[in-house]
1. Just checking: which of the helices (runs of 4 or more DSSP H) contained wholly in region 1-78 hold 2 or more residues that are within 25 Å of Gly125 (Cβ to Cβ) and of a type in the set (D, E, K, R)?
2. With the requirement that a residue be open to solvent by 20 Å² or more (accessible area, probe 1.4 Å) and within 24 Å of Pro55 (Cα to Cα), what does region 126-140 give you?
3. Specify which of the listed residues (Ile90, Ile144) is over 24 Å from Thr10 (Cβ atoms), β-branched (Val, Ile, Thr) and surrounded by fewer than 17 Cβ atoms within 10 Å (Cβ to Cβ).
4. Answer yes or no: is there a residue in region 94-108 that is at pLDDT below 95, open to solvent by less than 50 Å² (accessible area, probe 1.4 Å) and assigned to a helix (DSSP H, G or I).
5. Tell me which residues, restricted to region 51-69, are in contact (Cβ under 8 Å) with a residue 24 or more places away in the chain and surrounded by fewer than 17 Cβ atoms within 10 Å (Cβ to Cβ).
6. Mind listing whichever residues of region 1-46 are within 20 Å of Val129 (Cβ to Cβ), open to solvent by less than 40 Å² (accessible area, probe 1.4 Å) and not polar (S, T, N, Q)?
7. Would you be able to say whether some residue in region 50-59 is under 21 Å from Lys38 (Cα atoms) and of a type in the set (S, T, N, Q)?
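The values are calculated or read from the model by the stated rules, or taken from the named source; none is laboratory data. Given the structure is predicted, the values throughout are model-derived calculations rather than measurements. Here Cβ is always computed from backbone atoms with ideal geometry, including for glycine, and neighbour counts include all displayed protein chains. Areas reflect the complete protein model, heavy atoms only, side chains present, ligands, DNA and RNA absent. Shrake-Rupley method; radii C 1.70, N 1.55, O 1.52, S 1.80 Å.
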Amino acid sequence: MKNQITKNFTLKELTYSDTAYKKNISNIPSEEEYNNMKTLCEEVLQPIRDHFGKPVRINSCFRCEELNKAVGGAKNSQHRTGQAADIEIIGMSNYELAQWIRDNLEYDQLILEYANNISQDKNSGWVHVSFVSKKSNRKQVLTINNNGTKLGLYK
């Protein structure tokens, strides 16, 4: 496995976790999980970076089973397979980022998570985006916030 996955994304940043570090969890992907992350980078993350010309902050990408449990992730989380990332671009509204992804890229699931009070705090929350394959992607768009889960994007 090479550390440099695409021009602007590395294995190290896609597997880094404060929780893993603090709990001494070895968050190392299998070859299949690595290949899923590579596809996610090529199809979603790198195109975002190229379009906006700004660093894409990876809040969470790959999580081994032990790490996923430690952070309270869903058992079937796509983070477990390396197919999902929680991202943001500092200084840009996560709502606007999610809109651009929805309108311009292929994805499996796109979730605007906890982006509350966007007019006051552009970096409130994060954007969860996943990619399975062009044939299998569901193109599901959700907003999750303190009011629950809704289909579509909402401020």
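1. Qualifying helices (runs of 4 or more DSSP H): 11-15, 18-22, 46-52.
2. Trp126, Val132
3. Ile144 is the lone residue from the list that is over 24 Å from Thr10 (Cβ atoms), β-branched (Val, Ile, Thr) and surrounded by fewer than 17 Cβ atoms within 10 Å (Cβ to Cβ).
4. Yes: one or more hits.
5. His51, Phe52, Lys54, Pro55, Arg57, Asn59, Glu66
6. Ile5, Phe9, Leu11, Leu14, Pro29, Glu33, Tyr34, Met37, Leu40, Cys41, Val44, Leu45
7. Yes - at least one qualifying residue is present in region 50-59.
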